[in-house]
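The values are calculated or read from the model by the stated rules, or taken from the named source; none is laboratory data. Please read these numbers as outputs of a predicted model, since none were measured by experiment. Cβ coordinates were reconstructed from backbone atoms using ideal geometry, including for glycine residues, and neighbour counts include every protein chain displayed.
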Amino acid sequence: MSSALPPLRTVAIASLILVGVALSFAFHATAGDAELTYEATAVEPGEDSGLVARAASNVTDLDERLSDTPDQYREPIRTAAATGSFDGTLSPELHIALDDVETPYVRYDERYYEWTFSTRGETTNATIEMRPTDPESVFAAVARPASAAPSGVRTAIDEGTANESGVRSGLYRLDGAYYAVAPESEAAVFAQFAGAIAGFALTPVGRGYAAVGLGLLAYRYREPTRDRLLTVRRAVAVAALALPVALVATALFETGSLSRFVTGPATAAVVASGVVAGVCVAQSRWRSLAGVTVGVGLLATAAITAAIGPTGLVFGPLAAILGFVTGLVPFGYGYWFARTGPGPTTG
């Protein structure tokens with residue numbers, strides 16, 4: 001073996017472990033950086049209804065909700081607003097837009113309405129009730145006393161803004177006045193949400209990388225001069241390390257539903273299986289490659305579905321796709337470590 005080869009492979013393995021460990025805490029890093037700047041704005045009933053709807057969790061801004069719905073599909077809403085109710089069939093576009101509107105009040109065309117929305121079975125037949133109501137009634141029902149709110153809310157009201165982690169959006173009442181407390185920047189809210197999703201997805205990816213790196217390091221330590229370090233059997237053993245690594249990390253660093261002991265490790269295993277695929281390609285074992293790809297994807301989907309229920313039929317394949325895409329890194333390692341390097345070998 002070339003004298004330059006062992007250090008290069010060792011550095012590559014160490015790099016994979018370091019990247020894996022860093023990504024393993026991606027969710028913790030994004031969730032920990034969760035402070036937003038909240039702004040408190042004094043409002044009067046009948047004013048700034050858009051701001052009130054954005055701040056209060058029990059008021060929905062229908063104008064904003066329907067902004068992407070073509071005008072010709074909004075007729076049921078116009079009918080309900082004009083007559084008090086609509087009973088009939090909704091277009092799929094409108095049904096999707098309204099499906100999760102469960103607040104008792106809505107804002108529509110600069111007015112407040114009491115809102116009721118119900119559907120019949122799995123169809124688009126629905127009943128919409130919109131009863132006009134005055135802003136004073138909405139404020140009286142929706143506003144919460146600032147005295148009972150987290151200290152960050154009082155800070156926002158007293159100083160205009162606050163970025164404490166305990167601040168919550170809402171309509172608050174203090175000494176007879178009303179204040180709408182909401183994030184100063186909607187873009188920051190989206191960035192925080194996107195960061196949390198990315199961190200959640202990358203955490204099991206990192207654990208898969210770390211497991212592959214640890215497995216390769218173990219074989220490297222045992223046989224430092226062996227050129228073709230991986231066989232299919234060894235690659236399977238390396239990939240299997242993802243399960244205990246992810247399970248231990250989940251137990252030590254995460255809290256929440258017990259399903260996390262399935263979803264994370266299953267995704268990490270799909271990621272780590274890339275090392276097996278790399279060996280199969282390096283050795284032209286195409287049937288084994290197909291079996292590993294299909295088998296691991298199906299097993300991961302089945303495990304996630306068993307853990308979280310029918311929604312696993314959606315999230316399971318998504319986790320498998322994420323694992324296969326990010327598994328290209330272990331794939332490269334598997335391909336590299338399954339091939340014979342240039343130059344003479346020793347040992």
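Listing for the model above:
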item	result
Search result, residues across segment 133-154 that are more than 23 Å from Y38 (Cα to Cα) and either touching a residue at least 40 places away in the same chain (Cβ under 8 Å) or among the acidic types (D, E) (or both)	D134, P135, E136
Filtered residue count, segment 79-103, keeping only those that are under 20 Å from T133 (Cα atoms), more than 28 Å from the chain's Cα centre (by Cα) and outside any helix (DSSP H, G or I)	3
Close pairs (6 angstrom Cβ cut-off, 6 or more residues apart or separate chains): closer than 26 Å to E136 by Cα and assigned by TED's automatic domain parsing to the domain that holds S137 in segment 59-72, assigned to a strand (DSSP E or B) and β-branched (V, I, T) anywhere	T60/V106; L62/V106
Yes/no for T79 being touching a strand residue (DSSP E or B) at 6+ places or on another chain (Cβ under 6 Å), at pLDDT 90 or above and surrounded by fewer than 17 Cβ atoms within 10 Å (Cβ to Cβ)	yes
Residue match in segment 123-145 (condition: over 30 Å from F25 (Cβ atoms) and at pLDDT below 85)	yes
Unmet criterion (only one of (1) surrounded by 13 or more Cβ atoms within 10 Å (Cβ to Cβ); (2) out of contact with any Lys or Arg (no Cβ under 6 Å at 6 or more places or on another chain)) for D68	(1)
Flag if Y112 is hydroxyl-bearing (S, T, Y) and in contact (Cβ under 8 Å) with a residue 60 or more places away in the chain	yes
Close pairs (6 angstrom Cβ cut-off, 6 or more residues apart or separate chains): closer than 11 Å to F337 by Cβ in segment 216-236, surrounded by fewer than 16 Cβ atoms within 10 Å (Cβ to Cβ) anywhere	D227/T340; D227/T345; R228/T340
S91 being of a type in the set (S, T, Y) and farther than 30 Å from Q72 by Cα	no
Lone unmet requirement of (1) more than 25 Å from A22 (Cβ to Cβ); (2) touching an Asp or Glu at 6+ places or on another chain (Cβ under 7 Å) for R260	(1)
Single residue of segment 136-153 satisfying the filter (buried (at least 18 other Cβ atoms within 10 Å of the Cβ) and over 29 Å from the mean Cα position of the chain (by Cα)) that is farthest from W115 (Cα to Cα)	A146
Single unsatisfied condition, R228 versus (1) surrounded by fewer than 17 Cβ atoms within 10 Å (Cβ to Cβ); (2) part of a helix (DSSP H, G or I)	(2)
Evaluation of W286 against (1) of a type outside the set (V, I, T); (2) farther than 23 Å from T326 by Cβ; (3) over 25 Å from the mean Cα position of the chain (by Cα) (one fails), failing number	(2)
Test: residue in segment 268-284 that is at pLDDT 95 or above and of a type in the set (S, T, N, Q)	yes
Residue selected from segment 191-221 under the condition over 12 Å from the mean Cα position of the chain (by Cα) and of a type in the set (F, W, Y), by the criterion nearest to V142 (Cα to Cα)	Y209
